[in-house]
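Accompanying notes for the structure given below.
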Amino acid sequence: MKAFDIKSGQGVIVLGVPHSGTYLPPDIYANLLPQARTLADTDWHADRLYADLLPDVTLVRANFHRYVIDANRDPGGSRLYEGANTTDLVPKTDFDGNAIWSEAPGHTDIESRLVSWHHPYHAALAGELGRVHQKHGLAVLVDCHSIRSRIPFLFEGVLPDVNLGTNLGTSCDERIAATAVNACRNGGDYTFVRDGRFRGGWTTRHYGRPGKGVHAIQIELAQSNYLESECAPFEYDSAKAERLRSHLRGILRAIEDATTEMGQSHE
């Protein structure tokens, strides 16, 4: 199994999809505890949700499951959210705080998974961002995520429908962030928040360098808005999903338009 798939476009936006993959090598899958084998923490169908929303968008998708190694965590192992429950580079627990492994992976296992899975995905993502930046003079990474709307171990209450993450305004130009917020505000009755519980993972923080013309924003979606149910088998609800896709298309178009204007202002 290849670590990633790429669909290259000619536009300014690169979509990263790090958590929709479900592949686990047989030896890793065999080490999962029975409950973990439901893979409940997957960003179910996120790649399908974003597919073909805009012409000429680039998409880089990780094919491996986040239990193999989390493509949205620091390869150095630093924690993502200090003072809050979170999961690690190779998670020890699931989102509900339950153990995942019969035998927890050791340092050698983690290093091997970095080389085989994490590094190739990010090499592909960095390569596409570089290509787009060279073509346009700037690039925008939209890191695409989804999660169950109720997870007491991670957050209180019900998650807003759309969660924009800009790492407190440091990962992208404010014009891009404000445009995304306005698109959420004007795009219907979906609830939203900027830099709430999820303000951008390692990917957003690592690649977002607005001063160098690379902007990054994370979109975390509540799965209640496009799944039939937030429990196994996590089936895609086409009617709900098409309504959400229309909203996402509006957000991406707004980001694309804002970025085009930024590029023209520097010509």
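The values are calculated or read from the model by the stated rules, or taken from the named source; none is laboratory data. Computed from a predicted model, the values in this text were never measured in an experiment. Neighbour counts are summed over all protein chains in view; Cβ atoms, including those assigned to glycine, are modelled from backbone coordinates with ideal geometry.
So here's what we get for this one:
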read-out	value
Residue within segment 61-79 that is charged (D, E, K, R) and without any contact (Cβ under 8 Å) to a residue 12 or more places away in the chain present	yes
The one condition in (1) in contact with a His (Cβ under 6 Å, 6 or more places away or on another chain); (2) without any contact (Cβ under 8 Å) to a residue 12 or more places away in the chain; (3) among the acidic types (Asp, Glu) that GLU242 fails to fulfil	(1)
Among the residues listed as LEU33, LEU39, the single one being within 18 Å of TYR236 (Cα to Cα) and among the hydrophobic types (A, V, I, L, M, F, W, C)	LEU39
Among residues of segment 53-77, those that are touching a strand residue (DSSP E or B) at 6+ places or on another chain (Cβ under 9 Å) and among the charged types (D, E, K, R), counted	2
Hits in segment 72-105 (condition: farther than 23 Å from ILE219 by Cβ, surrounded by 12 or more Cβ atoms within 10 Å (Cβ to Cβ) and among the hydroxyl-bearing types (Ser, Thr, Tyr))	THR93
Enumeration of residues in segment 113-151 that are free of Cβ contacts under 8 Å to residues at least 12 places away in the same chain and farther than 23 Å from GLY9 by Cα	VAL115
Single condition ILE255 does not satisfy, out of (1) modelled with pLDDT of 95 or more; (2) of a type outside the set (Ser, Thr, Tyr); (3) surrounded by fewer than 20 Cβ atoms within 10 Å (Cβ to Cβ); (4) assigned to a helix (DSSP H, G or I)	(3)
Criterion violated by ALA183 - all others in (1) aliphatic (A, V, I, L, M); (2) touching a residue at least 60 places away in the same chain (Cβ under 8 Å); (3) touching a strand residue (DSSP E or B) at 6+ places or on another chain (Cβ under 7 Å); (4) surrounded by 15 or more Cβ atoms within 10 Å (Cβ to Cβ) satisfied	(3)
Test result for ARG197, surrounded by fewer than 19 Cβ atoms within 10 Å (Cβ to Cβ) and part of a helix (DSSP H, G or I)	no
Filter pass, ASP109 being assigned to a helix (DSSP H, G or I), of a type in the set (Asp, Glu) and touching a strand residue (DSSP E or B) at 6+ places or on another chain (Cβ under 9 Å)	no
Residue among ASP88, ASP52, ASP5, ASP41 that is touching a residue at least 40 places away in the same chain (Cβ under 8 Å), of a type outside the set (A, V, I, L, M) and assigned to a loop (DSSP other than H, G, I, E, B)	ASP41
In segment 208-224, the residues that are surrounded by 14 or more Cβ atoms within 10 Å (Cβ to Cβ), out of contact with any His (no Cβ under 9 Å at 6 or more places or on another chain) and part of a helix (DSSP H, G or I)	PRO210, SER224
Selection within segment 130-165 - more than 16 Å from the chain's Cα centre (by Cα), charged (D, E, K, R) and in a loop (DSSP other than H, G, I, E, B)	ARG150, GLU156
